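Novice: Below you will find the structure I want to go over with you.
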Amino acid sequence: MIPAKSSSDVTPGSSGASVRRGRRVVELALTVAVAAIVLAITLHFVDMRQVIDGLRKIGVAVALFAAGLLLAQVVLCALRWMLITRLMPGPLPFGEALRGYLEAAFVNAFLPSLIVSDGTRMVRAMANGARPTHAFAGVATDRLIALCALAIASASGLFLLPDASRHPLIVLALIGLLPAFVAGLVVLDVTARSFARFARFRLVRPFLELASLMGRLRKMPGLTALVLAISLLGHALSAGAFYILALQLELPIGYWAMFALSAPIIVYSAVPVTVGGWGVREALSAALFGLIGIAPASGVALSIAFGLLMSAVGLFCGGIALAASLHSRALALRKAPQS
């Protein structure tokens, strides 16, 4: 007979790991539930036949072209991250930055957004020799630059959307990101000054490093303009994917209007309360596009098409990242006997 394990055989570390795994499972289950509930509520208030008929209009060639735009955006994001890491010890080469973003695209499509995908990039940076504080600061700065560009793109709708200023809800949706972003920068700067004397505490160091990196970036206007331009170009590609899908759905909306309106949809759907933005993105699309006279069902169909496209691109990016990892391991195994 196999003797039963006594309580002394279970180490505190294994018990803690089990608790953490259980907590993660519960968190994932909750986010999936939230996504399902929000999506179900949204679909309840639209004509599903119109949604399905709209999705059937999208051709394979158009979907592939839109996917290509999203893949090009991933490449641009990797370039931006690489440039930011040059301000820190152990900068990332472009290949590793791209690999990190490919992994993040996969995780972002199938797990709660932003937090997990950014954590994936932090792991990639640390695998290339970055200290945890530097990895956190680099990823967080990259995220802040991306959010700044999206806030600018969203606010541009005041000039790009006809009669936008006459509708308070549209104005609120378009400029709502800017005050939050500015307030975040102010809090970050105040935190750096107020908590510098607490640098000896491990919990404070990542935020101090983030504030320091943002400060160095502000002193380099050329680099700041470059990473912002890369971010805006990346969003232009994402808006292009939205736009050509909208053309297939025969929606009466121009590219520049889509450039502005898609920005708040992308930002708010990235809040980590659902999986891959599902549910939140559809509700926002129905509401925002409805404000400019587009039927809610058409807005939901466009959002679902974009979400499916993001999932397909994320799966493709994950496949490329996996192939790169297998190739790296194969090379390491070949070199091992020689050493």
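The values are calculated or read from the model by the stated rules, or taken from the named source; none is laboratory data. Keep in mind the model is a prediction, meaning the values are calculated, not measured. Don't worry about glycine lacking a Cβ; one is built from the backbone with ideal geometry, like all the others, and counts go over all protein chains shown. Surface areas here come from the heavy atoms of the whole protein model, side chains and all, with no ligands, DNA or RNA. Shrake-Rupley method; radii C 1.70, N 1.55, O 1.52, S 1.80 Å.
Novice: Given the Cα-Cα distance of Leu158 and Phe94 and 0.36 nm per residue of separation, how much length would full extension add, in nm? Let's see the in-between values first.
Specialist: On the way: separation 64, 0.36 × 64 = 23.04 nm, distance 3.59 nm.
Full extension from Leu158 to Phe94 adds 19.4 nm.
Novice: Given a 1.4 angstrom probe, what's the average accessible area per residue across region 219-274, in square angstrom?
Specialist: Accessible area per residue, region 219-274: 38 Å².
Novice: Could you order Ile41, Ile170 by accessible surface area, starting with the largest, using a probe radius of 1.4 Å?
Specialist: Ile41, Ile170
Novice: Using a Förster radius of 51 Å, what is the FRET efficiency between Leu172 and Arg329 based on their Cβ-Cβ separation? Nearest 0.05, please.
Specialist: 0.50
Novice: Also: For region 137-146, take each phi angle, set θ = phi - 60°, evaluate the Karplus expression 6.51 cos²θ - 1.76 cosθ + 1.60, and give the result in whole Hz per residue in order, putting x for glycine and proline.
Specialist: 4, x, 5, 5, 5, 4, 5, 5, 5, 4
Novice: Of the peptides 98-104, 237-243, 305-311, how do they stack up when ordered by the mean number of other Cβ atoms within 10 Å, highest first?
Specialist: Top to bottom by mean Cβ count within 10 Å: 98-104, 237-243, 305-311.
Novice: Dipole of region 29-127, Cα-centred, from +1 at each Lys and Arg C-beta and -1 at each Asp and Glu C-beta, to the nearest 20 debye? Kindly include the intermediate steps, with their values, before the conclusion.
Specialist: Working: 8 positive and 5 negative charges, 35 e Å.
I would put it at about 160 debye.
Novice: Mind checking the dipole of region 204-339: about its Cα centre, +1 per Lys or Arg Cβ, -1 per Asp or Glu Cβ, Debye to the nearest 20?
Specialist: 780 debye
Novice: Using a 1.4 angstrom probe on the protein heavy atoms only, could you order Arg124, Arg166 from most to least accessible area?
Specialist: Ranked from most to least accessible, the order is Arg166, Arg124.
Novice: What ³J(HN,Hα) values, in whole Hz, does the Karplus curve 6.51 cos²θ - 1.76 cosθ + 1.60 give for region 80-95 when θ = phi - 60°, with x put for Gly and Pro?
Specialist: Once rounded to whole Hz, the list reads 4, 4, 4, 5, 5, 5, 5, 8, 10, x, x, x, 7, x, 4, x.
Novice: Further question: 7 Å from Cα along Cα→Cβ at both Leu322 and Asp47: what's the point-to-point distance in nm?
Specialist: Output for this residue pair reads 4.1 nm.
Novice: Return the long-range amide H neighbours of Val275 (sequence gap of 5 or more, or a different chain), with a cut-off of under 5 Å between placed amide H atoms.
Specialist: Ala35
Novice: Can you give the FRET efficiency for Leu185 and Ala127, using 1/(1 + (r/R0)^6), R0 = 35 Å, r = Cβ-Cβ distance, to the nearest 0.05?
Specialist: 0.75
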